[in-house]
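Novice: For reference, the structure I am asking about is given below.
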Amino acid sequence: MRIGQNPAKFVKEVAKPGRVTVAILNYIPFLSGFYAEMLDVLKACLGSIWENTSGPYDLLVFDNASCPEVQQYLLNRYENGQIQYLILSERNLGKGGAWNMILSGAPGEIVAYSDNDCFFYPGWLEQSLKLLETFPNVGMVTSRPFHTREEFYSQTVKWAEQTSGVRLRFGRFIPWEVYLEFDLSLGQSEEEIRQHYESTDSVRIEYQGLTAIAGASHYQFLAYKSRLQQFLPFSMDRPMGQVKQLDQRVNETGMLRLMTMEPYMMNMSNTIQMPRAADLLQSSSQTVAQSHTRLVDRALVKKPLLAIYDAIFKLYYQK
Amino acid sequence: MRKGHNPAKSGAKSYQSKRLAIVTLVYIPVQEGYFEQSLEIFKIHLASVRQYTPEPFDYIVFDNGSCSEVKRELESLLEKGFIDSLILSNHNLGKTGALNQVLGGLPNEWICYADSDMLFRPGWLEESWKINESFPGCGMIGAQVIFPDWDVDRGNTRFRKTEDPRYVFSHEKPPQPLWEEYCRARGINGERAEFYREIQLDRVRNVDTGIEAYLGGNSHQQWLARGEVIRQILPLPVGLQLAREMDTYQDQKIDQLNYLHLTTTSSYLYHMGNSIDPEIVPEVNRLKLDPDLVNEKNKKVGQKKSLAWKALVWIDRTRQGRKMLRRLYNNLYEIFSS
């Protein structure tokens with residue numbers, strides 16, 4: 001039974017969250033294999049936010065069932081006050097499940113979402129906010145230019161074509177080094193990247209004194225929370241691989257998808273090595289050269305070994 | 001840069017939310033004074049939820065800025081599987097601010113909210129489902145009888161005017177045991193208790209099914225609702241940390257949207273408040289946090305049928321086997337990423 005008065009009833013004000021919630025989705029099931037360096041990657045990601053984000057913001061981290069070492073690291077940062085909101089899930093809800101909670105639950109008016117392997121450079125938030133707040137009906141802003149699929153920014157181009165005062169140009173507006181650096185980080189070969197680069201144009205849009213590249217990515221973006229509500233809840237049954245639903249839906253509703261002209265973030269993937277493009281080129285060409293000589297790269301051998309690798313992961317993953 | 005193959009992209013299934021989510025808020029800023037027994041009471045609440053909810057559910061806790069000791073206990077309960085998702089907030093966002101953060105994104109078809117001092121009793125969910133089935137258009141269903149303080153608490157404006165002959169309405173004073181328990185649990189006595197003794201409760205009966213409910217529109221301490229209904233009333237206004245006005249907003253919205261707001265006619269919940277009432281000690285003694293109730297994941301691992309999977313599970317049984325699998329996994333990763 002209730003004895004006495006609950007003192008919370010006498011509190012006349014509650015904390016007012018920041019306008020921007022920077023939200024990071026984290027998943028590091030163990031610290032070996034693919035994930036051996038992921039705790040360092042996460043530290044670099046959060047460190048770059050603490051270091052390179054100016055202006056008021058709250059940091060929300062959604063941990064999608066990571067191993068205890070990682071959760072403890074996050075709890076320590078939360079206790080230190082460096083993370084304002086920490087969501088710990090006992091099971092991996094997939095990206096869709098995590099987005100459901102992040103995109104509806106982030107307390108700020110604007111959500112700056114990112115995967116846990118993104119390194120932010122100074123100015124990333126201000127420059128991205130400028131685009132978000134200046135262009136009309138913006139769905140997503142990503143903080144660097146890179147190659148994205150045209151069908152997911154068709155409505156942005158359409159809007160630019162039909163709106164007076166908007167200057168639209170097609171061409172190679174992303175510098176080769178910027179383009180290369182990002183795609184290499186995704187594990188693509190230089191050949192593939194060059195082929196893409198030479199065969200596709202990017203779209204540059206000028207509006208009210210600001211310039212953006214058409215396109216955005218579910219990997220890292222800023223958005224008004226209210227505009228994304230209509231897409232929730234997402235239903236995704238796999239931890240990864242179904243995330244393009246967001247890009248597609250934003251485009252289908254006619255909202256703009258934009259990227260900054262300059263790179264204000266970089267994808268680290270699963271290592272903290274971010275060497276210069278030339279070094280990466282060398283290592284990627286070595287990999288290509290090796291691939292012709294190794295027995296394990298022959299389909300007959302590779303397939304069953306990869307199946308074992310994936311099965312062991314699933315065994316760990318389901319625990 | 002990316003090195004190797006991300007196994008999370010290999011088709012592993014992510015967890016699929018259950019039909020029902022049960023959500024609670026915890027706020028225990030200190031473990032003394034008013035809050036001295038609050039952690040213990042929360043654990044009783046949790047045990048009762050786990051013990052008396054007859055179908056699988058996701059249990060989500062929002063900690064609204066509790067003290068470190070309480071947070072650590074919540075983390076431990078998460079680790080043991082008694083909590084499925086734990087949301088920690090450095091600031092107290094108020095009850096409605098916290099609910100805004102949690103409720104909007106839940107993919108579950110049904111959501112039950114309960115204060116963390118509510119004791120669940122056997123039958124709470126079964127009786128709630130019966131009401132849902134007998135009274136189409138339910139917006140919120142409470143599993144305890146709540147006495148209306150204000151007109152808005154009575155809700156169900158349109159339903160009261162129905163001419164559907166299946167529904168028979170009547171009024172009655174609260175039965176004595178119900179009234180006694182209600183007042184005792186809330187520390188209500190004197191004039192206010194007398195007022196409640198004479199209050200008229202509005203009852204409805206579905207003559208086809210025989211199911212009865214009270215038309216009670218203020219089940220803020222606990223309610224069950226469809227996720228799609230809840231999303232229509234969000235966001236809730238954020239202001240005072242705990243205020244009746246905030247609760248009333250949700251009642252009004254439910255009524256404006258012409259949803260029914262009903263409760264069971266018996267109390268399948270008990271408001272524990274901040275101390276354990278001697279009257280409920282026997283009930284409390286029947287509760288325990290049983291690990292068997294939450295080890296569903298391990299069962300799932302063992303359920304797959306393929307021979308290769310069974311072999312892996314078999315190897316994984318022992319420490320040596322686990323070590324071997326881990327080494328194999330790491331070696332394969334190195335081979336494919338070099």
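The values are calculated or read from the model by the stated rules, or taken from the named source; none is laboratory data. Since this is a predicted model, take the numbers as computed values, not measurements. Here the Cβ is made from the backbone with ideal geometry for all residues, glycine too, and neighbour counts use every protein chain on show. Only protein heavy atoms, including side chains, enter the accessible area calculation; ligands, DNA and RNA are left aside. Shrake-Rupley method; radii C 1.70, N 1.55, O 1.52, S 1.80 Å.
Novice: If you check B:ARG50, B:ARG19, which single one turns out to be at pLDDT 95 or above and farther than 25 Å from B:GLY273 by Cα?
Specialist: Every option except B:ARG19 fails the conditions.
Novice: Considering only region A:86-107, how many residues are modelled with pLDDT under 95 and more than 18 Å from the chain's Cα centre (by Cα)?
Specialist: Residues flagged as modelled with pLDDT under 95 and more than 18 Å from the chain's Cα centre (by Cα) within region A:86-107 amount to 4.
Novice: Return the only residue of B:LEU224, B:LEU262, B:LEU236 being outside any helix (DSSP H, G or I), touching a strand residue (DSSP E or B) at 6+ places or on another chain (Cβ under 6 Å), open to solvent by less than 20 Å² (accessible area, probe 1.4 Å) and over 16 Å from B:ASP115 (Cα atoms).
Specialist: B:LEU262
Novice: Can you name the strands (runs of 3 or more DSSP E) wholly within region A:192-236 that have at least 2 residues being open to solvent by 30 Å² or more (accessible area, probe 1.4 Å)?
Specialist: The strands (runs of 3 or more DSSP E) meeting that bar are A:202-207, A:210-214.
Novice: Report whether or not B:GLY190 is more than 26 Å from the chain's Cα centre (by Cα) and among the small types (Gly, Ala, Ser).
Specialist: yes
Novice: Next up: Cβ contacts < 7 Å: first residue at the interface with another protein chain (Cβ under 7 Å from one of its Cβ atoms) and closer than 16 Å to B:ASN92 by Cα, restricted to region A:78-92; second residue surrounded by 24 or more Cβ atoms within 10 Å (Cβ to Cβ) and hydroxyl-bearing (Ser, Thr, Tyr), any location; separation 6+ or different chain. Result?
Specialist: Note: pairs meeting the criteria are A:TYR85/B:SER89; A:ILE87/B:SER85.
Novice: Filter region B:265-291 for residues that are in contact with a Gly (Cβ under 8 Å, 6 or more places away or on another chain) and either open to solvent by 30 Å² or more (accessible area, probe 1.4 Å) or free of Cβ contacts under 8 Å to residues at least 60 places away in the same chain (or both) and give the result.
Specialist: Across region B:265-291, the qualifying residues are B:TYR268, B:PRO291.
Novice: Report yes if A:TRP124 is within 14 Å of chain B (Cβ to nearest Cβ) and open to solvent by less than 20 Å² (accessible area, probe 1.4 Å), otherwise no.
Specialist: For A:TRP124, the condition - within 14 Å of chain B (Cβ to nearest Cβ) and open to solvent by less than 20 Å² (accessible area, probe 1.4 Å) - is not met.
Novice: How many residues does region A:149-169 hold that are out of contact with any helix residue (DSSP H, G or I) (no Cβ under 6 Å at 6 or more places or on another chain) and closer than 14 Å to A:THR211 by Cβ?
Specialist: 5
Novice: If you check A:TYR73, A:TYR78, which single one turns out to be within 20 Å of A:GLY18 (Cβ to Cβ) and more than 17 Å from the chain's Cα centre (by Cα)?
Specialist: A:TYR78
Novice: What are the residues in region A:148-158 that are surrounded by fewer than 18 Cβ atoms within 10 Å (Cβ to Cβ) and either among the hydroxyl-bearing types (Ser, Thr, Tyr) or under 21 Å from the mean Cα position of the chain (by Cα) (or both), if any?
Specialist: Correct list: A:ARG149, A:GLU150, A:GLU151, A:SER154.
Novice: Which residue out of A:GLU181, A:GLU126, A:GLU151, A:GLU177 is touching a Ser or Thr at 6+ places or on another chain (Cβ under 7 Å), among the charged types (D, E, K, R) and in a helix (DSSP H, G or I)?
Specialist: Exactly one of A:GLU181, A:GLU126, A:GLU151, A:GLU177 is touching a Ser or Thr at 6+ places or on another chain (Cβ under 7 Å), among the charged types (D, E, K, R) and in a helix (DSSP H, G or I), namely A:GLU126.
Novice: Which members of region A:40-70 meet the condition of being in a helix (DSSP H, G or I), crowded, with 21+ Cβ neighbours inside 10 Å and over 17 Å from the mean Cα position of the chain (by Cα)?
Specialist: Listed by number, the list holds a single entry, A:VAL70.
Novice: What number of residues within region A:77-96 satisfy the criterion of being open to solvent by 10 Å² or more (accessible area, probe 1.4 Å) and in a helix (DSSP H, G or I)?
Specialist: Residues flagged as open to solvent by 10 Å² or more (accessible area, probe 1.4 Å) and in a helix (DSSP H, G or I) within region A:77-96 amount to 3.
Novice: While we're looking at this one, here's another question. Quick one: count up the residues across region B:76-104 that are small (Gly, Ala, Ser), touching a residue at least 40 places away in the same chain (Cβ under 8 Å) and at the interface with chain A (Cβ under 7 Å from one of its Cβ atoms).
Specialist: 4
Novice: Can you find, within region A:159-174, the residue that is nearest to A:SER199 (Cα to Cα) among those that are in a helix (DSSP H, G or I) and open to solvent by 90 Å² or more (accessible area, probe 1.4 Å)?
Specialist: The residue in question is A:GLU161.
Novice: Looking at this structure, is A:ASN64 out of contact with any strand residue (DSSP E or B) (no Cβ under 8 Å at 6 or more places or on another chain), within 14 Å of another protein chain (Cβ to nearest Cβ) and at pLDDT below 95?
Specialist: Against the criterion (out of contact with any strand residue (DSSP E or B) (no Cβ under 8 Å at 6 or more places or on another chain), within 14 Å of another protein chain (Cβ to nearest Cβ) and at pLDDT below 95), A:ASN64 does not qualify.
Novice: Among residues belonging to region A:178-209 that are in contact with a strand residue (DSSP E or B) (Cβ under 8 Å, 6 or more places away or on another chain) and more than 14 Å from chain B (Cβ to nearest Cβ), point out the one that is modelled with the lowest pLDDT.
Specialist: Here the residue is A:ASP201.
Novice: Within the set of pairs 6+ apart or on separate chains, which have a first residue in region B:143-169 that is closer than 18 Å to B:GLU133 by Cβ and at pLDDT 95 or above, a second that is open to solvent by 40 Å² or more (accessible area, probe 1.4 Å) and among the acidic types (Asp, Glu), and C-beta atoms under 6 Å apart?
Specialist: Qualifying pairs under 6 Å: B:ARG166/B:ASP208.
Novice: Determine whether region B:163-171 contains at least one residue that is in contact with a helix residue (DSSP H, G or I) (Cβ under 6 Å, 6 or more places away or on another chain) and on the phi < 0 side of the Ramachandran plot.
Specialist: No - not one qualifying residue is present in region B:163-171.
The rows are residues; the columns are (1) surrounded by 15 or more Cβ atoms within 10 Å (Cβ to Cβ); (2) outside any helix (DSSP H, G or I); (3) not small (Gly, Ala, Ser).
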| residue | (1), (2), (3) |
| --- | --- |
| B:HIS171 | no, yes, yes |
| B:PRO177 | no, no, yes |
| B:GLY187 | yes, yes, no |
| B:ASP202 | yes, yes, yes |
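Novice: Which condition breaks for A:LYS43 when tested against (1) among the charged types (D, E, K, R); (2) more than 9 Å from chain B (Cβ to nearest Cβ); (3) within 30 Å of B:PRO29 (Cβ to Cβ)?
Specialist: With (1) among the charged types (D, E, K, R); (2) more than 9 Å from chain B (Cβ to nearest Cβ); (3) within 30 Å of B:PRO29 (Cβ to Cβ) applied to A:LYS43, the lone miss is (3).
Novice: Next up: List the number of the failed condition for A:PHE119; all other conditions in (1) open to solvent by less than 10 Å² (accessible area, probe 1.4 Å); (2) in a strand (DSSP E or B) hold.
Specialist: If we test A:PHE119 against (1) open to solvent by less than 10 Å² (accessible area, probe 1.4 Å); (2) in a strand (DSSP E or B), just (1) comes out false.
Novice: Starting from region A:299-316, take each residue that is more than 7 Å from every other protein chain (Cβ to nearest Cβ) and list its partners that are exposed (fewer than 15 other Cβ atoms within 10 Å of the Cβ), counting only C-beta distances under 8 angstrom and pairs at least six apart or across chains.
Specialist: A:VAL301/A:LEU295; A:LYS302/A:VAL296
Novice: Select from region B:41-71 the residues that are loosely packed, with under 15 Cβ neighbours inside 10 Å and among the acidic types (Asp, Glu) and write down the one among them that is nearest to B:LYS288 (Cα to Cα).
Specialist: Looking at residues that are loosely packed, with under 15 Cβ neighbours inside 10 Å and among the acidic types (Asp, Glu), I get B:GLU55.
Novice: Could you say which residue among B:LEU46, B:LEU88 is within 19 Å of the chain's Cα centre (by Cα) and either of a type in the set (Asp, Glu) or more than 29 Å from B:PRO122 (Cβ to Cβ) (or both)?
Specialist: Exactly one residue qualifies, and that residue is B:LEU88.
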